[in-house]
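The block underneath contains the structure these notes are about, expressed in structure tokens.
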């Protein structure tokens, strides 16, 4: 079954849900799920609605224009985006030397759990080429340091364009992306940070957690922004620890939660459930 998914972000106004559900019903669509939320502070309306289009009277290529007309005629404004369940986004993976998140993403993709395509893996080291080759995914090494960062990112852009990547996942890619890179892929770069943000931002969060004697550790999947580790949060989880755990114990235990949080965050993004609203996200 192919379904259409409509994501709406606009100022709240009477009749929004009625207009959309009426449009779907009048054209012989069957609603599968409908979730909505209103942020009262900004009076912003968010909605995600998915419907079966097997008997829909409007062809797939004309649904987008019809939705645009619905928004205009209703005077709703805002952003109305339509995608289809049989369209798989193309996810490029950026990685350095840690392999746990990479293995997890590739295995979940192979099992059909991640409904996307993975056309390319980019790294600043050779170390994980064997992982990419095991899964048959093209692997490109782009060495990067402070002196060659501009040239390295130009090469990364070329690779992403060649493989038509829709979004990027930083699977423990230990490099800071430039403002230029992030502006080109705004809200399309997902990073995993190995702490429960906003606690322990920056480098060596497990060491910071150990020094503070915390009783839980966590991981955070978030959109990368120019402000390091401060992008809108997509998904988080925690794990209990004790005073008996060493830094090495925290790192070992943390790897499991890192990969789970990242894969769950990627699933939400692929399913078109993530709405960015200022510095935070709405998940529907």
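Here are the numbers for the structure shown:
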{"item": "Unique residue being under 26 Å from the mean Cα position of the chain (by Cα), assigned by TED's automatic domain parsing to the domain that holds residue 171 and exposed (fewer than 14 other Cβ atoms within 10 Å of the Cβ) when the list is 110, 11", "result": "110"}
{"item": "Scan of segment 261-275 for residues that are in contact with a strand residue (DSSP E or B) (Cβ under 7 Å, 6 or more places away or on another chain) and in contact (Cβ under 8 Å) with a residue 40 or more places away in the chain, ordered by number", "result": "261, 262, 264, 265, 266, 269, 272, 273, 274, 275"}
{"item": "Qualifying position, being over 23 Å from residue 78 (Cα atoms) and surrounded by fewer than 13 Cβ atoms within 10 Å (Cβ to Cβ), among 42, 59", "result": "59"}
{"item": "Candidate set: segment 181-210, residues that are assigned to a helix (DSSP H, G or I) and at pLDDT below 95; chosen: the one surrounded by the fewest Cβ atoms within 10 Å (Cβ to Cβ)", "result": "207"}
{"item": "Qualifying positions in segment 114-153 - assigned to a helix (DSSP H, G or I) and either outside the structural domain of residue 165 (by TED's automatic domain parsing) or at pLDDT 95 or above (or both)", "result": "129, 130, 131, 132, 133, 134, 135, 151, 152, 153"}
{"item": "Test: residue 160 is buried (at least 18 other Cβ atoms within 10 Å of the Cβ), under 16 Å from the mean Cα position of the chain (by Cα) and either modelled with pLDDT of 95 or more or part of a loop (DSSP other than H, G, I, E, B) (or both)", "result": "no"}
{"item": "Some residue of segment 38-47 being in a loop (DSSP other than H, G, I, E, B) and touching a residue at least 12 places away in the same chain (Cβ under 8 Å)", "result": "yes"}
{"item": "Identity of the residue in segment 133-163, in contact (Cβ under 8 Å) with a residue 24 or more places away in the chain and touching a strand residue (DSSP E or B) at 6+ places or on another chain (Cβ under 8 Å), that ends up nearest to residue 263 (Cα to Cα)", "result": "137"}
{"item": "Selection within segment 121-153 - closer than 17 Å to residue 99 by Cβ and buried (at least 16 other Cβ atoms within 10 Å of the Cβ)", "result": "121, 122, 123, 124, 128, 131, 132, 135, 137, 139, 140"}
{"item": "Residue in segment 254-271 that is surrounded by fewer than 22 Cβ atoms within 10 Å (Cβ to Cβ) and part of a loop (DSSP other than H, G, I, E, B) present", "result": "yes"}
{"item": "Count of segment 69-80 residues which are touching a helix residue (DSSP H, G or I) at 6+ places or on another chain (Cβ under 8 Å) and part of a strand (DSSP E or B)", "result": "1"}
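Conditions (1) within 16 Å of residue 4 (Cα to Cα); (2) outside any helix (DSSP H, G or I), marked per residue:
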site: 57; (1), (2): yes, yes
site: 67; (1), (2): yes, no
site: 82; (1), (2): yes, yes
site: 88; (1), (2): yes, yes
site: 105; (1), (2): no, no
site: 112; (1), (2): no, yes
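Each row is one residue, and each column tells you yes or no for (1) within 15 Å of the chain's Cα centre (by Cα); (2) within 29 Å of residue 278 (Cβ to Cβ).
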| site | (1), (2) |
| --- | --- |
| 187 | yes, yes |
| 191 | yes, yes |
| 203 | no, yes |
| 207 | no, no |
| 219 | yes, yes |
| 234 | yes, yes |
| 244 | no, no |
| 259 | yes, yes |
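The values are calculated or read from the model by the stated rules, or taken from the named source; none is laboratory data. Predicted model only: the values in this text are computed from it and were never measured. Cβ atoms come from the backbone with ideal geometry, glycine included; neighbour counts cover every protein chain shown.
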